[in-house]
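A.B. asks: The following block contains the structure, expressed as structure tokens.
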Amino acid sequence: MTHDDHPRDDGPGQAAADERTKPDDGSPRTDGGRATDGGHAGATGELPATGPAEEEHHGFPPMSSVKRWFVTTNHKDVGILYIVTSLLFLVFGGVLALLMRVQLWAPRAAGEGILSALAYNQSVSIHGLIMVFWFLSPFAFGFANYVVPLQIGAKDLAFPRLNALSYWLYLFSGLLLGISFFQGGSFAGGWTMYAPLNIPAYTPSIGASTAILALLLFVVSVTVSSVNFLTSMHRMRAEGLTLRKLPLFTWSILLTVWMMLFAFAALLAALMILSADRLAGTTYFAAADAGGSLLWTHLFWFFGHPEVYIVFFPALGVMAETFQTFTGRRLVGRKWFIASMLLVALQSFVVWMHHMFLTSINLQIKTLFMATTIGISLPFDLMVFSLIYTTIKGRIRFLTPFLFSFGALLLFIIGGITGVFLGAVVLDYEFRGTYWVVAHFHYVMVAGVTALIGGLYYWYPKITGKMYDEFLGKVHFALYFVGFNLLYFPMFVVWETPRRVFEYDPAFAPWHKVATVGGFVLGASFLVMFYNLYTSLWAGEDADSSPWAHSTTAEWAIPSPPPLENYPGIPSYGDGSLSFLDRLGGSDRAADGGEVTDGVDVAGDHATDGGVADDRRATDGGTVATADPATAVERAGGKSHEHDAGDHGEGHGPSHASIWPFAVSVGAFLTLLGLSGLQEGAFAPGLEGGLYMALTGVGFLVGMASLVAFGRERFHGLEGPFGESWPFEGIENTKTGVWIFLASDVVLFGAFIGSYVFMRVASGWTTWEIVPGDPLPGLMNTYLLLTSSFTVVLALVAAEKGSRGGVIASLLTTFLLGVGFLFNKGIEWDHLFHEGLWLDTNVQASTFFLTTGLHAGHVIAGLIVTLYLIVRAWQGAYLEDSGSIEYFGLYWHFVDIVWLFLFPLFYIL
Amino acid sequence: MIGGGTLLGAPLIAAQTDIIPRGSRSAVFNQIYWVFLVLGTLVGVIVIGYMLYNAYKYRAGRAAGSERSAESGEGGPALGELPQGSGGGRKLALSFTLSAVIVISLILWTYGTLLYVESPPDAEESMEVEVIGFQFGWEFVYPNGNTTTGTLRVPTGERVRLRVTSRDVFHNFGIAELEAKADAIPGQYTDTWFIANESGTYQAQCYELCGAGHSYMNATVVAMEPAAFERWYANTTPANGTTNASPEDAATTTASTNHGAKADVAAAPGATAPRAAALETNAAEASAERSLAR
Ligand code: HEM
Ligand SMILES: [Cu+2]
Ligand SMILES: [Cu+2]
């Protein structure tokens, strides 16, 4: 498919003058950036179409401007924002930890010490949540944001605005969590949030709901980010960078993101159900005779175990990179290292029940999960040995980044060995719920943190262009390492202390005192770090492009800090090592390359920036009532750009600025803050309830308006391929994004359906009372939806034939059929309601209404998009490029297929 | 340690019954724990020692320490190269196999014990007590229907089986010194057992965060000589608990009839009114019990 109206003009031709630049030449301001333009189509608009390379150009504010940080969509800026924000959360979580350590100075009777019982429980819970969710992963993803595009040779991620959106959603979810403390106390049920302690009957404060909603928003942010990273990493790698040749840090992130996509979808389901229980009054987790409590443990740990690797893998990647750089040796057994990671990533989804050995699961299942657990520990042995052997015959320079990585490996070995204890079920029986577990997971997870801090020192010169102070770096390490072991090793010694308890055997007190001292030493070490990194921003020596000998990856081949669009040309490994080309394929393969660039990036609406990929957020909205329609508009919105494309002759590289991600996040923040005031589906009467209701309304409006603006904004992202795109060569970015998103949506629905089946089995499959007494409305709806899928296909055919009337007619029919579906459902629900069946009636009703309601939310989101498509079709769009209709079709068929599962499950069986 | 240690060795190991720890839970736990601890320490010391030794041996000299001069090191990774590994696969495979053998054989060894723990041979003969967790305390229902709160009396030297459940939220019943532990889940029953060989007082605790009173959600386990236990038990009645109970027992005993009734467990969320009160009494008891235990 070629599109004449696409501004491909400025690509190869203009950049042809550029020489093939070798990496170390690294002059930042080359125009080469432009050379890639062939790759990104789309157009500019009101928004600054920032020219290649120059940040100061075309109205994109410089780094010193505050405005820059609110509008930026550049991956490096977003990376910095992630890193800085996550460090703030580290301080937050660290202060909570120190409060706990002070409380644990001596065993306390109730009311003794600085924390009340509930305050202690809140500290434990929020400390855990912050460290795992708001600190550790985002810290790693700060580096991922900054470094991965550089390592794969891309100018930015596939959907830069979605990247900014992920960040802002993350930040605002964190603010929400902070606010929860002031709403009658935050969540106090542990980071595992076990049911039914997590429902309002036992944790009634509004703040507890807010904390859950904050986590929900965080998960949305993660999902947006996962889709974005996966699309980018699969579609936009430089020539020669096949998956097997990816640098190890990038490999670790790739696998992390795949795990995130699926694991967080399960958590999303869990949190959506929990939110419904807390806010709307469904009765999933209160249903003791339907296994509600166990259901939570399954949902949570199905997410929770992969999460362990999600937080650790990036650290592993950093260790692999720094070990190679600072020993001056390539990784021993690189192939096996990668295979091990791959194995772990896959297997991480089949070990979750090892967290449930003490529940009522039977011996066979215990045996199975014991086996998978041991299985998953073995690849780590290999990785550890691989790192150790890499040091042999090297010339090791003990600079700060390496010290931290090396220390991390040491701590990880201890964490790993103590983990084998837990894998022996008989021992786990006794360790469960004690400080053995606390010590073990801190040794593992904080080993991850240790490596990432190594990463911070490693990339600090790249990011800031300044060297940190090496002496202070070493001081930091010394304090850190001593503090760490003082803090956590005593926990092994007095492991019999029960977890999440501040009253313990007085004989253990001396060891707990040592731990508390260690905690403060560890805290102090961070003060050294902050001081060092802060002052070095001004006082540090200038860093050249690669301050480290033996660094290999592409980020070191360009100046520190890198220019806005990263490379002085198209990075390529085509001839076996990194070079920068004027155009893809090199001069020798110019013709070919050109074709790749122009030909493959088909539909040319890459400006869509994610479009449908967003939809699930939208639909979630259906349940948590955030702005679906607007997202939908966004999705289709991108499509409009191609028509303006022709207007802009020259000089548009990718865009770098949009305020809408920020605005959308503000809307989501206010909406969720408002919703936290809900209980049993209603706001409390009186001023407070009114305030919450108003917040919800305002937030909703802000969110919607911003989403519409987001959709209408002209923004061009990037479109691959720039070389390697396996396995999505022929599927352009937006479509890849849609597929990836749908994959996570499958897990979401899978978790909902699984929950239903689980509860039904637990309470007796045959005795379960089917809620809709009459299957007829459901059957009618099945026909309506199937027909509507067919009409979407017709719309696509019509578009390809160039028939405007056909497109409009088919879309309109789709729309009407969809409305018919909802109408029919409305009548059905109304009937049920009058029969006395509603969300909170019993668990049968809860599962029925919530699961089919989630589906209805998907339908509503789809209809809003249809409406947008109709309007656009009326204006004559889609005849040349039917991409939008195709993507929408994917989504719509998916929604249909889901119904084909729901209908028999809920109406017939 | 154990010969073979491969997968094939499993039945072999299982056959050598004397290798597999059996007995009271504490005895079983201690044997396994110490083997793990010694081996774990050994492996840890060796691996970390080796790691430190290499790090020391291959450290760059002072002169070569500067990044500039390090660059000239021959044959190391170079900027812009396609990522690749270095050899050493054989060594890696070897150490991997070794570690796998150690880990797998250790776990298989404990698996025999797991089988034993999961289905103790004389399960039928022993006494079974139902343990019901609530915010924030423990209720015990004996086979004769006698119900006590806060104190569990058991005979020494005999296996006592527990069926554990909860009336409200997720708890976990554990007796640290006797190494017995089980989740207390509303609507579910989990089984465990223990043997108290010495008479005396032990402390049971909650091992799953369950609310404000979690830190103090204790119970006392009193192990009595079988004869004394029999005397005590014979005097208990289903309706009003014990007749010769210790004072604290009398104070907290409730005439509960709801043990095992699914409906009651299911009604959990409603049954939370006395939470605050329970927390207070428990806090008071806690300090008393702390002096009892150990
Ligand atoms: C930096 C990375 C850290 C991570 C990822 C982390 C993670 C966690 C998690 C997940 C929990 C469990 C929370 C729960 O049981 O609900 C926890 C508990 C705890 N952490 Fe951390 N933590 C970190 C650092 C620290 C530090 C620096 C300290 C001490 C100064 C600390 C002290 C504690 C304490 C005292 C508990 C409570 C243990 C218990 O009673 O169960 N943690 N941490
Ligand atoms: Cu796990
Ligand atoms: Cu508890």
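The values are calculated or read from the model by the stated rules, or taken from the named source; none is laboratory data. This one's a predicted model, so the numbers in the text were calculated from it and none came from an experiment. Positions of Cβ are backbone-derived with ideal geometry, glycine not excepted, and every protein chain shown enters the neighbour counts.
A.B. asks: Yes or no: the range A:456-474 includes at least one residue that is buried (at least 21 other Cβ atoms within 10 Å of the Cβ), small (G, A, S) and either assigned to a helix (DSSP H, G or I) or within 9 Å of ligand 1 (Cβ to nearest atom) (or both).
C.D. replies: Taking every residue of the range A:456-474 in turn, at least one turns out to be buried (at least 21 other Cβ atoms within 10 Å of the Cβ), small (G, A, S) and either assigned to a helix (DSSP H, G or I) or within 9 Å of ligand 1 (Cβ to nearest atom) (or both).
A.B. asks: Go through the range A:374-425 and report how many residues are more than 9 Å from chain B (Cβ to nearest Cβ) and among the β-branched types (V, I, T).
C.D. replies: Residues meeting the conditions: 2.
A.B. asks: When you look at A:S360, is it facing chain B (nearest Cβ under 9 Å), part of a helix (DSSP H, G or I), hydroxyl-bearing (S, T, Y) and away from ligand 3 (no atom under 16 Å from the Cβ), yes or no?
C.D. replies: In short, no.
A.B. asks: Can I ask one more? I'd like the full set of residues that are among the polar types (S, T, N, Q) and within 12 Å of another protein chain (Cβ to nearest Cβ), limited to the range A:546-577. Walk me through it before giving the result.
C.D. replies: Step one: filter the range A:546-577 for residues among the polar types (S, T, N, Q), giving A:546, A:551-553, A:560, A:566, A:572, A:577.
Within the range A:546-577, A:S546, A:S551, A:T552, A:T553, A:S572, A:S577 meet the criteria.
A.B. asks: Consider A:S882 against the criteria (1) in contact with a helix residue (DSSP H, G or I) (Cβ under 6 Å, 6 or more places away or on another chain); (2) under 28 Å from A:V771 (Cβ atoms); (3) small (G, A, S): it satisfies all of them except one. Which criterion is unmet?
C.D. replies: Going through the list (1) in contact with a helix residue (DSSP H, G or I) (Cβ under 6 Å, 6 or more places away or on another chain); (2) under 28 Å from A:V771 (Cβ atoms); (3) small (G, A, S), A:S882 breaks only (2).
A.B. asks: Quick one: how many residues across the range A:193-202 are more than 8 Å from every other protein chain (Cβ to nearest Cβ) and farther than 13 Å from A:G677 by Cβ? Full working, then the answer.
C.D. replies: Taking the range A:193-202 and keeping what is more than 8 Å from every other protein chain (Cβ to nearest Cβ), we get A:193, A:198, A:200.
Filter once more, so that each one left must be farther than 13 Å from A:G677 by Cβ: A:193, A:198.
Qualifying residue count, the range A:193-202: 2.
A.B. asks: Now a separate question. Condition test on A:W134, is it away from ligand 3 (no atom under 16 Å from the Cβ), in contact with a Pro (Cβ under 8 Å, 6 or more places away or on another chain) and in a helix (DSSP H, G or I)?
C.D. replies: No.
Results for (1) at pLDDT 90 or above; (2) buried (at least 20 other Cβ atoms within 10 Å of the Cβ); (3) within 16 Å of ligand 1 (Cβ to nearest atom), shown as yes or no for each residue.
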{"site": "B:C210", "(1), (2), (3)": "yes, yes, yes"}
{"site": "B:Y216", "(1), (2), (3)": "yes, yes, yes"}
{"site": "B:M224", "(1), (2), (3)": "yes, no, no"}
{"site": "B:T236", "(1), (2), (3)": "no, yes, no"}
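A.B. asks: Just name the residue that is nearest to the other protein chains (Cβ to nearest Cβ) out of those in the range A:530-545 that are closer than 27 Å to A:L331 by Cβ and touching a residue at least 24 places away in the same chain (Cβ under 8 Å).
C.D. replies: If we take residues in the range A:530-545 being closer than 27 Å to A:L331 by Cβ and touching a residue at least 24 places away in the same chain (Cβ under 8 Å), then A:S545 is nearest to the other protein chains (Cβ to nearest Cβ).
Condition check ((1) within 16 Å of ligand 2 (Cβ to nearest atom); (2) crowded, with 24+ Cβ neighbours inside 10 Å; (3) without any contact (Cβ under 8 Å) to a residue 60 or more places away in the chain) across all residues:
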residue	(1), (2), (3)
A:M341	no, yes, no
A:H354	yes, no, no
A:T367	no, no, yes
A:P379	yes, no, yes
A:F402	no, yes, no
A:S405	no, yes, no
A:G415	yes, no, yes
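A.B. asks: Something else: Out of A:E430, A:E541, I need the residue that is more than 16 Å from ligand 3 (Cβ to nearest atom) and crowded, with 22+ Cβ neighbours inside 10 Å. Which one? Walk me through how you get there before you give the answer.
C.D. replies: On the way: A:E541 fails: crowded, with 22+ Cβ neighbours inside 10 Å.
Every option except A:E430 fails the conditions.
A.B. asks: For residues that are closer than 19 Å to A:M272 by Cβ and touching a Phe, Trp or Tyr at 6+ places or on another chain (Cβ under 9 Å), tally how many sit in the range A:830-850.
C.D. replies: Within the range A:830-850, residues that are closer than 19 Å to A:M272 by Cβ and touching a Phe, Trp or Tyr at 6+ places or on another chain (Cβ under 9 Å) number 10.
A.B. asks: Next question, about the same structure. Which residues, taken from the range A:482-535, are among the β-branched types (V, I, T), near ligand 1 (Cβ under 9 Å from one of its atoms) and part of a helix (DSSP H, G or I)?
C.D. replies: A:T516, the sole residue that qualifies.
A.B. asks: Now a separate question. Among the residues of the range A:99-125, what is the count of those that are modelled with pLDDT of 95 or more, surrounded by fewer than 21 Cβ atoms within 10 Å (Cβ to Cβ) and either over 17 Å from A:E503 (Cα atoms) or β-branched (V, I, T) (or both)?
C.D. replies: 1
A.B. asks: For the range B:186-193, indicate whether the set of residues that are within 16 Å of ligand 3 (Cβ to nearest atom), buried (at least 24 other Cβ atoms within 10 Å of the Cβ) and either at the interface with chain A (Cβ under 9 Å from one of its Cβ atoms) or not aliphatic (A, V, I, L, M) (or both) is non-empty.
C.D. replies: Yes, the range B:186-193 contains at least one residue that is within 16 Å of ligand 3 (Cβ to nearest atom), buried (at least 24 other Cβ atoms within 10 Å of the Cβ) and either at the interface with chain A (Cβ under 9 Å from one of its Cβ atoms) or not aliphatic (A, V, I, L, M) (or both).
A.B. asks: While we're here: Restricting attention to the range A:820-852, which residues are surrounded by fewer than 18 Cβ atoms within 10 Å (Cβ to Cβ) and over 23 Å from A:D289 (Cα atoms)?
C.D. replies: Those that are surrounded by fewer than 18 Cβ atoms within 10 Å (Cβ to Cβ) and over 23 Å from A:D289 (Cα atoms): A:G820, A:L822, A:F823, A:N824, A:G826, A:I827, A:D830, A:H831, A:F833, A:H834, A:E835.
A.B. asks: A further question follows. For the range A:852-909, which residues satisfy the criterion of being closer than 14 Å to A:S789 by Cβ and among the acidic types (D, E)?
C.D. replies: A:E886, A:D896
A.B. asks: Scan the range A:83-101 and report the pairs whose first residue is within 14 Å of chain B (Cβ to nearest Cβ) and on the phi < 0 side of the Ramachandran plot and whose second residue is among the hydroxyl-bearing types (S, T, Y) and more than 7 Å from ligand 1 (Cβ to nearest atom), with Cβ atoms within less than 8 Å and a gap of 6+ or a chain change.
C.D. replies: These pairs meet every condition: A:M100/A:Y120; A:M100/A:S123.
A.B. asks: May I ask you to verify whether A:F728 is at pLDDT below 95, buried (at least 24 other Cβ atoms within 10 Å of the Cβ) and aromatic (F, W, Y)? It would help to see each step written out before you state the result.
C.D. replies: Working: at pLDDT below 95: yes; buried (at least 24 other Cβ atoms within 10 Å of the Cβ): no; aromatic (F, W, Y): yes.
Judged against the criteria, A:F728 is not a match.
A.B. asks: Does A:S226 qualify as being crowded, with 24+ Cβ neighbours inside 10 Å, within 13 Å of another protein chain (Cβ to nearest Cβ), touching a residue at least 12 places away in the same chain (Cβ under 8 Å) and of a type in the set (S, T, Y)?
C.D. replies: No.
A.B. asks: I'd like the full set of residues that are more than 17 Å from A:N145 (Cα to Cα), surrounded by 24 or more Cβ atoms within 10 Å (Cβ to Cβ) and in contact with a Ser or Thr (Cβ under 8 Å, 6 or more places away or on another chain), limited to the range A:239-258.
C.D. replies: From the range A:239-258, those more than 17 Å from A:N145 (Cα to Cα) are A:239-245; that's our starting set.
Pick out the ones that are also surrounded by 24 or more Cβ atoms within 10 Å (Cβ to Cβ) and you get A:239, A:241.
Within the range A:239-258, just A:E239 meets the criteria.
A.B. asks: Quick check on the range B:117-167: of everything there that is of a type in the set (A, V, I, L, M, F, W, C) and assigned to a loop (DSSP other than H, G, I, E, B), which residue is surrounded by the most Cβ atoms within 10 Å (Cβ to Cβ)?
C.D. replies: B:F136
A.B. asks: Out of the range A:285-330, which residues are surrounded by fewer than 24 Cβ atoms within 10 Å (Cβ to Cβ) and not in a helix (DSSP H, G or I)?
C.D. replies: Of everything in the range A:285-330, just one residue is surrounded by fewer than 24 Cβ atoms within 10 Å (Cβ to Cβ) and not in a helix (DSSP H, G or I), namely A:R330.
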